[in-house]
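**Student:** Encoded as structure tokens, here's the structure I'll be asking about.
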Amino acid sequence: MNCIDLFSGCGGLSLGFQNAGIEILASIDNWDKAVEVYKQNFSHECYLHDITDENGTLKIINKYQPDMIIGGPPCQDFSSAGKRDIIQGRADLTYNFANIVCAYEPKWFLMENVERIKNSHILKEIVKQFEQSGYGLTATILNASYCNTPQARNRFFLIGSLDAKHNVLTPIFRKNLNNQAMTVRDYLGNTLGIEYYYRHPRNYNRRGIFSIDEPSPTIRGVNRPIPSGYKKHSADPKNLELSSVRPLTTIERSYIQTFPKNFKFQGTKTNTSK
């Protein structure tokens, strides 16, 4: 099979599909810095293009005639991190994704987003749209730490197959989940050279220090050193000297997300942390 990746960013979803044996024909994103990184790591074309221009996007897709369209529309307006406001416009890109899929009608599509999208009226509306276009749908929420990734990150997936029944993939997801969560040590061994690391909490009612013998919490754009006045949370290790703890570097955080060590990142610290 082959596919086109919409909202491709620097290529995380493309890389996963490529590793699974699916040919990536092309990708599209509207952030120039992400497109630059993508082009450093893949040989196929990556278009710098605004996907809200649906006709222009369909012209690109029709050029390649993919079997599948995949994509993760920006999720900030659904996310538990920071402000959630689905009237800001970013969530509208989910509609653009659905419109493009239903206009082109690939045999398969996959949409990935944060767990909270399941509570939105937008999801209900696009599900109805996909059903009217003849797609059988499978929706699932997967915890990455049970999918060979050392990160306790819940993500929502909606997979559609044209002229098929609903929920046909559910047994496959259940069958292939691991029985135990993967820890950072399981995945990286002792290569980080640390036993504990700091991950800046959203507020100080939450812990900030984590062990490599557990899955990492969700990787976020915020990546700060321990504040000078940080007071241990009750869930932090009791007898640990804070001076011995550091945050993970941007590259180490990419390993947690299972980017390989030969993946090339470029750009400012602010851009690469996103």
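Every number here is computed from the coordinates shown, using simple stated rules; none is lab data. It should be emphasised that the depicted structure is a prediction, and the values quoted were computed from it without experimental measurement.
**Student:** Run the numbers on the chain and let me know its relative contact order in percent, using alpha-carbon pairs under 8 Å that are six or more apart.
**Tutor:** So the answer I get is 13 percent.
**Student:** Show me, for the range 182-197, the HN-Hα J-couplings you get by feeding each phi into the Karplus relation (A = 6.51, B = -1.76, C = 1.60, θ = phi - 60°), rounded to Hz, glycine and proline as x.
**Tutor:** Going residue by residue, I get 7, 8, 4, 5, 4, 8, 10, x, 9, 5, 6, x, 9, 9, 9, 8 Hz, with x marking Gly and Pro.
**Student:** Rg and Dmax of the range 183-268 over Cα atoms: what are they, in angstrom?
**Tutor:** For the range 183-268, the Cα radius of gyration and maximum Cα-Cα distance read 13.2, 38 Å.
**Student:** Along its principal axes, what span do the Cα atoms of the chain show, with the longest given first and each in whole Å?
**Tutor:** 59, 37, 36
**Student:** Ok, one more. Given Cα positions, please report Rg to Rh for the range 115-206, the hydrodynamic radius being the Kirkwood one.
**Tutor:** Radius of gyration relative to Kirkwood radius: 1.12.
**Student:** Relative to the first principal axis of the alpha-carbon coordinates of the chain, what is the inclination of helix 32-41, with its axis defined by its Cα atoms, in degrees from 0 to 90 and to the nearest 10?
**Tutor:** Relative to the chain, helix 32-41 is tipped by roughly 90 degrees.
**Student:** What are the ³J(HN,Hα) values, in whole Hz, obtained from phi via the Karplus relation 6.51 cos²θ - 1.76 cosθ + 1.60 with θ = phi - 60°, for each residue of the range 104-113 in sequence order, with x given for Gly and Pro?
**Tutor:** Values per residue, Gly and Pro as x: 7, 6, x, 4, 9, 9, 9, 10, 10, 7 Hz.
**Student:** Let me ask something else. Could you pull out every residue, at least 5 positions away or on a different chain, whose amide H is within less than 5 Å of the one on F7? Hs are placed 1.01 Å off N in the peptide plane, and Pro or chain starts have none.
**Tutor:** I28
**Student:** I've got another one for you. Once phi is turned into θ = phi - 60°, what whole-Hz ³J(HN,Hα) does the Karplus curve with 6.51, -1.76 and 1.60 give for every residue of the range 217-228, x standing for Gly and Pro?
**Tutor:** Residue by residue, the range 217-228 yields x, 3, 6, 10, x, 6, 8, 10, x, 5, x, 4 Hz.
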